[in-house]
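Worksheet: one structure, shown below.
Every number in this text was worked out from the coordinates using simple rules, so none of it is lab data. Predicted model, so just to flag it, every value in this text is computed and none were measured. Every residue, glycine among them, receives a Cβ derived from its backbone with ideal geometry; neighbour counts consider all protein chains shown.
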Amino acid sequence: MSAETPVQSAGNFARLRLRFRDWRGSRPFWAGLFTLLGGVPIAYFPYATLQLGTMSITMSTTAGAGSLIIGVLLITLGLTMWFQAATRIFAGVAAIVLALVSLVISNIGGFLVGFLLALVGGALAVSWAPGRPEPARSGQPDTVPGGGGVAPGIPQGGRTAPGLPQPPYDTADGGTNGTGAQDRDGGHRVG
């Protein structure tokens with residue numbers, strides 16, 4: 001290798017993979033995928049015609065329209081979880097309810113496959129919470145509340161902004177805020 005050899009940048013595949021990983025990490029991706037996949041067998045099986053040799057098996061039922069509606073709604077909820085992460089709780093609860101309804105309406109919830117996938121996807125959507133961004137590192141390390149320094153975001157003078165926890169203060173009887181002694185990590189111990 002010489003000094004004149006051009007440096008190869010990351011390929012398109014690597015860049016796309018990293019962009020997809022960032023996109024996937026900022027939303028309930030697996031919840032949406034399971035919910036979307038759960039809607040497919042629920043909508044498919046009532047309209048499917050299976051061939052076993054020369055014998056044709058048709059599972060058309062009178063509940064075919066209901067199965068199609070439930071399947072399409074589950075697919076829509078899965079896409080909603082991907083592209084509207086703020087509605088994940090509603091979409092998760094709706095997916096769980098539709099999965100339970102599919103047990104009665106559409107061939108035991110797509111032969112339990114669609115039911116289980118939609119149920120797991122809805123539960124994942126309800127339990128998912130967005131991650132907190134890592135704090136930017138500056139030249140000075142942040143101090144821990146109760147560790148002797150001033151915590152970031154608390155103005156000098158001992159008062160905090162509204163909505164933030166108040167720092168403990170010593171009372172005349174030696175306690176702090178009447179709640180007991182303060183732990184080293186900044187929390188309070190009751191008693």
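General remarks:
- Global geometry of region 9-85, whether rounded, prolate or oblate, following the gyration tensor of its Cα atoms and the 1.5 cut on a/c: oblate
- Extension gain, PHE20 to THR54, is 7.7 nm, computed as 0.36 nm per intervening residue step minus the present C-alpha separation.
- Karplus-derived 3J(HN,Hα), 6.51/-1.76/1.60, for each residue of region 50-56, Hz, glycine and proline x: 8, 10, 10, x, 9, 8, 9
- Taking 0.36 nm per residue of sequence separation and removing the Cα-Cα distance, the SER127/ILE108 pair yields an extension gain of 4.3 nm.
- Cβ-derived FRET efficiency at R0 45 Å, PHE90 paired with ALA136, nearest 0.05: 0.85
- Ranked packing of 37-48, 84-95, most packed first, by mean Cβ within 10 Å: 37-48, 84-95
- Once the chain from LEU79 to TRP30 is taken as fully extended at 0.36 nm per residue, the excess over their C-alpha distance is 16.5 nm.
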